[in-house]
Each structure stands twice: as structure tokens, then as C-alpha cells.
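Below: one structure, written as C-alpha cells.
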Amino acid sequence: MAFLALAYPEISKSDFDLIQSYRSENDALYFSVVEPHFTIVFPVSDIPQSEFINEIKRQAANLFQFEFTIRCATINKDAFSDYFHSFLVPDEGYSNIVKIHDRLYSGLLSENLRLDLDFIPHIGIGNSLKSLDCKRMVDEWNLDEFAIKGKVSVLTIVEYKNDLVRKLEEIKLSKL
């Protein structure tokens, strides 16, 4: 069992459906586990649930909701497995996600922060053991101009257990 903090993007139904349709064909690892999201805090298993929730709430106090725009897809090699991943990465809103990520890891979770890995805010859309499969996915998305606009106004604390994600709590971010 592990705990995470996710940000489910508030996007149009057509963009959500587009992402989910693509994921249903290309995201064998996570499509049936979790909806499109930005991972803000990665799995933490060494802190009790109540302490994790209280820490996220404490660190998230006074954080503001923000808008984002995604215009490109990128490929990423998984540091923990042989998989490659295809990501949708925001142009606008990138720094907001990085700053929230850093803030949430600044206290009790500081020992869980992986400084040996780059943090790339993203929505996962596909994965494969073959790098060229992910390259094809990225090329499909980047062939034409696109813009997925949305907002993040809530952080969701979840439990991940037995390949299932269960929502524990939501934290509303302040309005600007």
C-alpha cells in the first residue's frame, strides 16, 4: 500500500475523451487503474495514512489553483522498469506543478524526494517495452498542432493498493 497526491485536470469532455480513447489503446499499465492525472507526490509507503494526509493538507495550505495548456508529447524511460512512457507535458502551468511538487516534498516527505530523477509534470498516455512504440505515439500527437487547456483546482490524496487507486481526500486550492 502506498499514498500519493494527484491533480486530476479539469479539461473539456472532448479532450478527456480523446486522452482516454488514446490511453485505452496505448496505456496497458495504468488505463484501468487511474484516470488522466498529474502525479504531484509519487508513492509513499513509509508514512502512516493520517500523517501523510495531514502533511499534504499542511503543505497545500495557501496554494492557488492554476490553468495549464498542453501542446506537446514527449517520451520518457522509466527509471524503475524496462518500460518507456509517452507523456503529455504542459507548456503553461509547468512551473506551477513543479512548485507544488517541491512544496509538498519540503517537510515530512523530504526523505521521499528522488533527487536522482528529473520531475517532469505530465499526463501519461502510453507505455511500451519498445522505445520506438512510444516514439510513434509521441510523433502521432506532435504531428499536428493541438492545445489541451485546463485547470487544476484540487489535489486528491489517494491510496494505491493491489493495482487500485482509491480516493481518500480532496484539498481545494485557493482561488487567485
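Descriptive notes on the structure:
- Residues of the stretch 17-41 that are buried (at least 17 other Cβ atoms within 10 Å of the Cβ), out of contact with any helix residue (DSSP H, G or I) (no Cβ under 7 Å at 6 or more places or on another chain) and not aliphatic (A, V, I, L, M): TYR22, ARG23, ASP27, TYR30, HIS37, THR39.
- Considering residues of the stretch 24-41 that are acidic (Asp, Glu) and in a loop (DSSP other than H, G, I, E, B) only, the residue farthest from the chain's Cα centre (by Cα): ASP27
- Criterion (exposed (fewer than 13 other Cβ atoms within 10 Å of the Cβ) and touching a residue at least 60 places away in the same chain (Cβ under 8 Å)) met by exactly one of LYS175, LYS167: LYS175
- Odd one out for ALA61, checked against (1) in contact with a strand residue (DSSP E or B) (Cβ under 7 Å, 6 or more places away or on another chain); (2) farther than 17 Å from ASN112 by Cβ; (3) of a type in the set (A, V, I, L, M, F, W, C): (1)
- None of ASP46, ASP78 is at pLDDT below 95 and out of contact with any Lys or Arg (no Cβ under 6 Å at 6 or more places or on another chain) except ASP78.
- Residues (modelled with pLDDT of 95 or more, out of contact with any helix residue (DSSP H, G or I) (no Cβ under 9 Å at 6 or more places or on another chain) and either in a loop (DSSP other than H, G, I, E, B) or of a type outside the set (Asp, Glu) (or both)) located in the stretch 162-171: VAL165, ARG166, LYS167
- Across the stretch 61-77, the qualifying residues are those that are in contact (Cβ under 8 Å) with a residue 60 or more places away in the chain and buried (at least 18 other Cβ atoms within 10 Å of the Cβ), and the one among them that is farthest from the chain's Cα centre (by Cα) is LEU63.
This table checks each residue for (1) among the hydroxyl-bearing types (Ser, Thr, Tyr); (2) free of Cβ contacts under 8 Å to residues at least 60 places away in the same chain; (3) in contact with a strand residue (DSSP E or B) (Cβ under 6 Å, 6 or more places away or on another chain); (4) buried (at least 17 other Cβ atoms within 10 Å of the Cβ).
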position	(1), (2), (3), (4)
PRO43	no, no, yes, no
SER50	yes, yes, no, no
ALA79	no, yes, no, no
ASP82	no, yes, no, no
PHE87	no, yes, yes, yes
TYR94	yes, yes, no, no
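- The strands (runs of 3 or more DSSP E) located wholly in the stretch 42-147 that include 1 or more residues which are under 23 Å from LYS161 (Cα atoms) occupy 84-92, 123-128.
- Residue count, the stretch 139-164 (criterion: buried (at least 20 other Cβ atoms within 10 Å of the Cβ) and either of a type in the set (A, V, I, L, M) or under 20 Å from PRO43 (Cβ atoms) (or both)): 5
The values are calculated or read from the model by the stated rules, or taken from the named source; none is laboratory data. This structure is a prediction, so every number in the text was calculated from the model and none was measured. Counting neighbours? That spans all protein chains shown, and the Cβs are built from the backbone with ideal geometry, glycine included.
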